[in-house]
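What follows is one structure encoded as structure tokens, with my remarks underneath.
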Amino acid sequence: MKHLISITLSILTFIALLLGFLLSWYTALVVAVIVYIVTETVQRPRVIDKQSSIEGDNKAYLDDVFMIGMKRIRNIEHYGSKIDKLEVKSNIKLICQLGEQIFVEIEDKPDTIKLSRRFLNYYLESAEKVTMLYEKLSKSAYQSEETVETLKQVENTLGLIVKQFKKQIMKIQQADFLDLDVEIKVLERTLLSEGLHMDN
């Protein structure tokens, strides 16, 4: 049923772009494939479900999540190394660096894995697939105007992924700020209860 939904949306997208927007069949096909991949990704069983999020501090579980995630990052690096455009290559390198930092943050604070569901379940896999498609399209012997436009759209998407990964890091680090704030307030109350003041 889930595959049928993905296929149906892809076919409708292809027909709409081909007949409604009068795009070339090649561009319509590329966009339809992207729609299929994104739809499949959204419907796919998650790396983190409700049960596994409860077990987020389990080392074996975390190791499995890290293995899958780091494999995706290595794949992104692989595709990025084949891309000639320096700006795109730089963004892909930054995506990998930020992705690795996110995993370092999660490893240091396993409880924050619950704050990283979208990163693990969607953004990282989408970044991998978008990079793969860009590398493939950019190496095409013939590039129509539609292909060039599609490549530009993917370049913009990579920039958005960079911003999202930075946002994810801030989200994880925010948990530290909240924990620190709680600790300070508890310490202040303890000191006050003992007749001391923070400014003394």
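General remarks:
- Flag if MET198 is modelled with pLDDT under 90, under 19 Å from the mean Cα position of the chain (by Cα) and loosely packed, with under 15 Cβ neighbours inside 10 Å: no
- Of everything in segment 76-135 that is of a type in the set (Ser, Thr, Tyr) and either touching a Ser or Thr at 6+ places or on another chain (Cβ under 6 Å) or within 17 Å of ILE161 (Cβ to Cβ) (or both), the residue that is surrounded by the most Cβ atoms within 10 Å (Cβ to Cβ) is THR131.
- Segment 56-67, subset surrounded by 10 or more Cβ atoms within 10 Å (Cβ to Cβ) and over 12 Å from GLU100 (Cα atoms), residue modelled with the lowest pLDDT: GLY56
The values are calculated or read from the model by the stated rules, or taken from the named source; none is laboratory data. Just so you know, these numbers come straight off a predicted model, no measurement behind them. Backbone-built Cβ (ideal geometry, glycine too); neighbour counts: all protein chains shown.
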